[in-house]
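The values are calculated or read from the model by the stated rules, or taken from the named source; none is laboratory data. Here the structure is a predicted model, which is why all the values come from computation and not from measurement. Don't worry about glycine lacking a Cβ; one is built from the backbone with ideal geometry, like all the others, and counts go over all protein chains shown. Accessible surface areas use protein heavy atoms only, side chains included; no ligands, DNA or RNA. Shrake-Rupley method; radii C 1.70, N 1.55, O 1.52, S 1.80 Å.
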Amino acid sequence: MAGAVLRTLGMADAEQALVLYNELTIGPPADDPAAFFHVINHTGTRVFGVFTPQDDLAAMATLHLMPNVLWNARPYGLIENVVTRAACQRQGYGRRVMQGAIDAAWDDNAYKIMLMTGQRRGATGFYETLGFTSKDKFAMVMRRT
């Protein structure tokens with residue numbers, strides 16, 4: 001992973017980001033650059049990416065910082081859509097992109113960071129090594145298709 005670069009994604013990265021979104025989801029395909037534009041331009045939202053030395057997007061994660069009334073009006077972070085290209089897994093790219101999102105949340109004075117992971121993905125151990133725990137809260141989801 002020497003020479004890998006971590007940075008915030010922009011529209012020039014849309015094509016590679018859409019490829020990674022499609023590795024992540026089993027739902028409808030992510031194929032609309034306008035949707036990516038909407039996300040990266042949403043206030044409080046940043047999509048972080050780690051690139052290989054060949055400038056291929058290896059991993060990405062979205063950080064949403066949400067305003068809050070409690071905790072002295074400090075925001076909280078929500079990390080979503082964490083994905084590492086299959087060919088780049090277990091090489092440190094996922095850890096690096098997650099650490100970038102975590103550092104950004106702490107730098108913005110977030111009092112907590114939350115995430116959910118699919119039960120079938122087997123990624124809970126990865127998130128636990130980064131310091132996340134499921135001991136405090138239960139995640140619940142309601143979907144509308």
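Details
- Ile79 being β-branched (Val, Ile, Thr), open to solvent by 60 Å² or more (accessible area, probe 1.4 Å) and under 25 Å from Ala139 (Cβ atoms): no
- Residues in region 39-65 that are more than 15 Å from Asn81 (Cα to Cα) and not hydroxyl-bearing (Ser, Thr, Tyr): Asn41, His42, Gly44, Phe51, Pro53, Gln54, Asp55, Asp56.
- Matching residues in region 1-39 - criterion: being touching a Gly at 6+ places or on another chain (Cβ under 9 Å) and either among the charged types (D, E, K, R) or under 24 Å from Arg121 (Cβ atoms) (or both): Met1, Ala4, Leu6, Arg7, Leu9, Asp13, Gln16, Ala17, Leu20
- The sole residue among Met116, Met66, Met60 that is in contact with a Gly (Cβ under 8 Å, 6 or more places away or on another chain) and under 24 Å from Ala30 (Cα atoms) is Met60.
- Contacts under 6 angstrom Cβ, first residue in region 105-129 being of a type outside the set (Ser, Thr, Tyr), partner part of a loop (DSSP other than H, G, I, E, B), 6 or more apart: Asn109/Arg74; Ala110/Pro75; Met116/Ala139; Ala123/Thr117
- Residue, farthest from Met98 (Cα to Cα), within region 131-145, restricted to residues that are loosely packed, with under 10 Cβ neighbours inside 10 Å and among the hydroxyl-bearing types (Ser, Thr, Tyr): Thr145
- Scanning region 15-39 for residues that are within 17 Å of Val97 (Cα to Cα), at pLDDT 95 or above and touching a helix residue (DSSP H, G or I) at 6+ places or on another chain (Cβ under 7 Å) yields a count of 2.
- Where a residue in region 83-96 is within 12 Å of Val50 (Cα to Cα) and its partner, wherever it lies, is acidic (Asp, Glu) and surrounded by fewer than 22 Cβ atoms within 10 Å (Cβ to Cβ), with Cβ under 9 Å and at least six apart: Val83/Glu23; Thr84/Glu23; Arg85/Glu23; Arg85/Asp56; Cys88/Asp56
- Sole residue being out of contact with any Cys (no Cβ under 8 Å at 6 or more places or on another chain) and among the small types (Gly, Ala, Ser), chosen from Ala59, Ala34: Ala34
- Region 41-55, residues that are more than 12 Å from the chain's Cα centre (by Cα) and surrounded by 13 or more Cβ atoms within 10 Å (Cβ to Cβ): Gly44, Phe51, Thr52
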